[in-house]
Amino acid sequence: MRPVLLDMHGFAAFREPTTVDFRAAEYFALVGPTGSGKSTVIDAMTFALYGSVPRWDDQKVVKLALAPSVNRGTVRLVFDVGDARYVVARELRRAPKGGVTVRSARLERLDDPTGTGEVGDGTEVLAAESAVTKAVEELLGLPFDQFCMCVVLPQGDFAEFLHAKPAARQQMLTRLLGLGVYDSIAKEANREAAAAAERIDVLAGQLTGYTDATEDAVTGAKARVTALSALSERITQQLPGLVAASNTVATADGVVARLHDERARLAALAVPHGLADLDARQRSATEEAASARSWCAHAEVADTEAREQRAAAPERGPLERARRHHAELATALADRPRAQQAHASARAAYGDAVAAAAEASGAVEDARTARE
């Protein structure tokens, strides 16, 4: 992309119409005091192309593009790409409440590759409004972020780059050129490789666990499943009786608690021997009654906890099955060396068979050769 003409009117610091002509320049430098608008020229070119400026730190901000004392601003850039000439223009408007928006945007190709896009020049409209930025990205082959990294070096980064240490300079180049993506790719590849290795180890372990899965073992397992199903049916049949017995125990516990309470109250009653010790006996009876109530409360809490533990306890059937499964596992582990020895013998026989087959194949080839 080569700039040809840049027209600014009401853009940032350029309140009055201003034109920058690049046609007679091969290499150029913008020179002037601080605040004279050098960076704004580069900002105007970037804004005309992408509708944003890198040093604003927000691609959606457009308020800074309009000069403070105007309500309308325009920026137009004529540029060459290859043998064709294009013109891109954007118009800014200030709303009554102070907000600034891009009112219109257009990207056109000039019929005359030497024209300047003046009134009367023939053009072909390539994109308008919100589609302009996407069309510019396709035309230049660079999105906004890559254009800022590769073409428009942000102000201040170059001086920082010159005075930085080698390590910091390398980090800055990595950030400006977007090379950090390769570190991310390497890390992601390493993570995927580690995950794949873990999956391989898990699958290998699972295959090792199925070495004893013979037809006899499957038949025995089916027989055990049948026996366990019959046991489950018997437990299901006897479960209502167990529930009834549990309800009976709960009723009996209630009767016992009531009798204990009555006994404690009766024990607190005593016939006074005299009026002098009547008050002391009354206090003693009150204390005993309070102690009995406290004991009863603790007993109820303990009873509730016992009931909850009994309700949360697992059924006996699954525990019996687990015990049998552990016994079967121990038997299978004890039989594992014999199975491994048989497997080794089978592998040796397989190797001999492969060698014999190779020898026979060689003999067949020799016979065919002799026949020919």
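The values are calculated or read from the model by the stated rules, or taken from the named source; none is laboratory data. Computed from a predicted model, the values in this text were never measured in an experiment. Positions of Cβ are generated from backbone atoms using ideal geometry, with glycine treated the same way; all protein chains shown enter the neighbour counts. Surface accessibility is based on the protein's heavy atoms, side chains included, excluding ligands, DNA and RNA. Shrake-Rupley method; radii C 1.70, N 1.55, O 1.52, S 1.80 Å.
Quick one: would you say T46 is surrounded by 13 or more Cβ atoms within 10 Å (Cβ to Cβ), on the phi < 0 side of the Ramachandran plot, over 39 Å from the mean Cα position of the chain (by Cα) and part of a helix (DSSP H, G or I)?
Numbers: surrounded by 13 or more Cβ atoms within 10 Å (Cβ to Cβ): yes; on the phi < 0 side of the Ramachandran plot: yes; over 39 Å from the mean Cα position of the chain (by Cα): no; part of a helix (DSSP H, G or I): yes.
Spelling it out, it is not the case that T46 is surrounded by 13 or more Cβ atoms within 10 Å (Cβ to Cβ), on the phi < 0 side of the Ramachandran plot, over 39 Å from the mean Cα position of the chain (by Cα) and part of a helix (DSSP H, G or I).
Does the stretch 187-209 include one or more residues that are at pLDDT below 75, closer than 30 Å to A29 by Cβ, open to solvent by less than 80 Å² (accessible area, probe 1.4 Å) and not β-branched (V, I, T)?
no
If you check V4 against the conditions, is it in contact with a helix residue (DSSP H, G or I) (Cβ under 7 Å, 6 or more places away or on another chain) and part of a strand (DSSP E or B)? Reasoning before the result, please.
Details: in contact with a helix residue (DSSP H, G or I) (Cβ under 7 Å, 6 or more places away or on another chain): no; part of a strand (DSSP E or B): yes.
No; evaluated as a whole, the condition is false for this residue.
Which of the following residues is aliphatic (A, V, I, L, M), part of a helix (DSSP H, G or I) and at pLDDT 90 or above: A168, A252?
On the way: A168 fails: at pLDDT 90 or above.
The match here is A252.
Scan the stretch 215-223 and give yes if some residue there is surrounded by 10 or more Cβ atoms within 10 Å (Cβ to Cβ) and not in a helix (DSSP H, G or I), otherwise no.
Checked against the condition, which is being surrounded by 10 or more Cβ atoms within 10 Å (Cβ to Cβ) and not in a helix (DSSP H, G or I), the stretch 215-223 yields no hits at all.
Scan (1) of a type outside the set (K, R); (2) without any contact (Cβ under 8 Å) to a residue 12 or more places away in the chain; (3) surrounded by fewer than 16 Cβ atoms within 10 Å (Cβ to Cβ); (4) out of contact with any helix residue (DSSP H, G or I) (no Cβ under 7 Å at 6 or more places or on another chain) for the single condition T101 breaks and write down its number.
Exception for T101: condition (2).
Within the stretch 232-251, does at least one residue satisfy the condition of being among the β-branched types (V, I, T), open to solvent by 50 Å² or more (accessible area, probe 1.4 Å) and farther than 30 Å from D303 by Cα? Give the derivation first.
Step one: of the stretch 232-251, the residues among the β-branched types (V, I, T) are 235-236, 243, 248-249, 251.
Those left that are additionally open to solvent by 50 Å² or more (accessible area, probe 1.4 Å): 235-236, 243, 248-249, 251.
Those left that are additionally farther than 30 Å from D303 by Cα: none.
So far as the stretch 232-251 goes, no, none of its residues is among the β-branched types (V, I, T), open to solvent by 50 Å² or more (accessible area, probe 1.4 Å) and farther than 30 Å from D303 by Cα.
Got a sec? Which of R323, R316, R310 is loosely packed, with under 11 Cβ neighbours inside 10 Å, touching a Ser or Thr at 6+ places or on another chain (Cβ under 9 Å) and closer than 23 Å to R234 by Cβ? Spell out how you get there, then give the answer.
Values: R323 fails: touching a Ser or Thr at 6+ places or on another chain (Cβ under 9 Å); R316 fails: touching a Ser or Thr at 6+ places or on another chain (Cβ under 9 Å).
The unique qualifying residue is R310.
Limited to the stretch 116-144, what total is found for residues that are within 17 Å of R76 (Cβ to Cβ) and open to solvent by 60 Å² or more (accessible area, probe 1.4 Å)?
8
Residues that are in a helix (DSSP H, G or I), loosely packed, with under 11 Cβ neighbours inside 10 Å and not aliphatic (A, V, I, L, M): does the stretch 262-277 have at least one? Even if it seems obvious, please write down each step before you answer.
From the stretch 262-277, those in a helix (DSSP H, G or I) are 262-268; that's our starting set.
Of the ones still in play, those that are also loosely packed, with under 11 Cβ neighbours inside 10 Å are 262, 266.
When the remaining residues are screened for being not aliphatic (A, V, I, L, M), the result is 262.
Checked the stretch 262-277: at least one residue is in a helix (DSSP H, G or I), loosely packed, with under 11 Cβ neighbours inside 10 Å and not aliphatic (A, V, I, L, M).
Out of curiosity, is T19 under 28 Å from D121 (Cα atoms) and open to solvent by 40 Å² or more (accessible area, probe 1.4 Å)? Steps first, please.
On the way: under 28 Å from D121 (Cα atoms): yes; open to solvent by 40 Å² or more (accessible area, probe 1.4 Å): yes.
Against the criterion (under 28 Å from D121 (Cα atoms) and open to solvent by 40 Å² or more (accessible area, probe 1.4 Å)), T19 qualifies.
Check T34 against each of (1) touching a strand residue (DSSP E or B) at 6+ places or on another chain (Cβ under 9 Å); (2) within 20 Å of V152 (Cβ to Cβ); (3) of a type outside the set (A, V, I, L, M) and name the one condition it does not meet.
The failed condition is (1).
Tell me the residue from S232, S246 that is in contact with a helix residue (DSSP H, G or I) (Cβ under 7 Å, 6 or more places away or on another chain) and of a type in the set (G, A, S), please. Reasoning before the result, please.
Values: S246 fails: in contact with a helix residue (DSSP H, G or I) (Cβ under 7 Å, 6 or more places away or on another chain).
The unique qualifying residue is S232.
I'd like the full set of residues that are more than 29 Å from G209 (Cβ to Cβ) and of a type in the set (G, A, S), limited to the stretch 318-372.
A355, A356, A357, A358, A360, S361, G362, A363, A367, A370, listed by residue number.
Answer with yes or no whether R106 is of a type in the set (K, R), at pLDDT 85 or above, assigned to a strand (DSSP E or B) and open to solvent by 90 Å² or more (accessible area, probe 1.4 Å).
On the way: of a type in the set (K, R): yes; at pLDDT 85 or above: yes; assigned to a strand (DSSP E or B): yes; open to solvent by 90 Å² or more (accessible area, probe 1.4 Å): yes.
Here the answer is yes, as R106 does meet what is asked.
Residues of the stretch 13-39 being at pLDDT below 85 and either touching a Leu at 6+ places or on another chain (Cβ under 7 Å) or in a helix (DSSP H, G or I) (or both), which ones?
Within the stretch 13-39, K38, S39 qualify.
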